[in-house]
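Down below is the structure, laid out as structure tokens.
The values are calculated or read from the model by the stated rules, or taken from the named source; none is laboratory data. Here the structure is a predicted model, which is why all the values come from computation and not from measurement. Here the Cβ positions follow ideal geometry from the backbone for every residue, glycine too, while neighbour counts run over all protein chains shown. Side chains are part of the model used for accessible areas, which takes the heavy atoms of the whole protein and leaves out ligands, DNA and RNA. Shrake-Rupley method; radii C 1.70, N 1.55, O 1.52, S 1.80 Å.
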Amino acid sequence: MSVDLSSGWNWISINVEGEDMSLDGVLGALESGTYIKGQEGYSDYYEGFGWFGGLEVIDVEEMYKLNLTAQDTIEYSGMLVDPSSRPIELISGWNWIGYLPNFNLDINDALTSLGEDAIYIKGQVGYSDYYDGFGWLGALNSLSPYEGYLLNMESASTLIYPSSVSDGLAAMVHGNSNFSVLEDSFDYRKFEFNGSVTSSIDIDGIVVSENDLLIAYVDSEIRGKASPLLFPLTNNFIFPLMMYSNDVKE
């Protein structure tokens, strides 16, 4: 596998397994790595020594937040994981999950094994909510290899990804495959944290259209942008706004 990464924060996962799954083994080709954290630990990179900290190995079932000082590439060789034979046990609450398939999947296909136990999922640039009787809806409409996700569960469950691309039924029903939550000019990777707000606009004399844009600011600095999304349960436009910060209290 060869994964191109950007300077700043990258939410990553690995879907191959080799003999050496240590940080130095998997991330050894990186020249600009500084810090990596998972859900239960982290490590720093020390020049001339390598990675050191409470996080020692990469687990394909988990996602990681990796900080780089410059653009770089992860290069690693191993056997592709068979998603259907690798169930991921989830707890009630937050789970940092990796993505095991080697192809993109519509979110409703990728997470179909969860049924109605799931509440919310977010990636680095988008999120979706689960609606009983309907499925997943939001700016995050597909899951992709090498990306990492934060999944909130109502109760414990087991995630089993499909081993092959489905017939695309979910994609035809729920659509939104061309939705873009951020413009290219916004550098979300310089921020460590993100949070989401699903908004509707109610201003006298203002009619929301698909060409509108909702922008979040902190002291005149742009911290997030969202285009409107037609919410099929109400037939009204909503704005799935992802906002970014380096301060959890901001």
Connecting every pair of Cα atoms under 10 Å apart in the chain and solving the GNM, the largest mean-square fluctuation among V26, V16, V57 falls on V57
For the pair S199 and I222, the simple spin-label estimate (label points 7 Å beyond Cα toward Cβ) gives in nm 1.5
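Subtract the Cα-Cα distance of S85 and A29 from 0.36 nm times their separation in residues, and report this length gain in nm to one decimal.
Numbers: separation 56, 0.36 × 56 = 20.16 nm, distance 2.91 nm.
Fully extending the segment from S85 to A29 adds 17.3 nm.
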Expressed per residue, the solvent accessible area of region 1-143 in Å² (1.4 Å probe) is about 44
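Averaging the inverse of every distinct alpha carbon separation and then flipping it gives the Kirkwood radius. What is it for the chain, in angstrom units?
On the way: mean 1/r = 0.0520 Å⁻¹.
Taking every pair of different Cα atoms in the chain, averaging 1/r and inverting gives 19.2 Å.
Once you have the Cα-Cα distance between S77 and E40, take 0.36 nm times their residue separation minus that, and quote the gain in nm to one decimal. Show your work: numbers first, answer last.
Working: separation 37, 0.36 × 37 = 13.32 nm, distance 2.54 nm.
Here the segment from S77 to E40 would lengthen by 10.8 nm.
Given all pairs of different Cα atoms, what value in angstroms does the Kirkwood hydrodynamic radius of region 1-70 take?
Numbers: mean 1/r = 0.0823 Å⁻¹.
Computed over Cα pairs of region 1-70, the Kirkwood hydrodynamic radius comes out at 12.2 Å.
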With +1 at each Lys and Arg Cβ and -1 at each Asp and Glu Cβ, the charge dipole magnitude of the chain around its Cα centre, to the nearest 20 debye, comes out at 380
Taking max minus min of the Cα coordinates of region 37-163 on each principal axis, largest first, gives extents in Å of 55, 28, 26
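Could you give the length gained by full extension between I215 and E47, i.e. 0.36 nm per residue of separation minus their alpha carbon distance, to one decimal place? Walk me through the intermediate numbers first.
Values: separation 168, 0.36 × 168 = 60.48 nm, distance 3.96 nm.
Length gained between I215 and E47: 56.5 nm.
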Highest GNM mean-square fluctuation among M63, M153, M79, for the chain with Cα springs under 10 Å, belongs to M79
Simple spin-label estimate for S163/A70, 7 Å along Cα→Cβ, in nm, reads 4.3
Quick calc: nm separation of the 7 Å Cα→Cβ label points for S245 and D132 -> 3.2
Descending packing, highest mean Cβ count within 10 Å first, for 139-149, 38-48, 66-76 is 139-149, 66-76, 38-48
Expressed as a percent, the accessible surface of the chain that is carbon or sulfur, using a 1.4 Å probe and the full set of protein chains, is 48
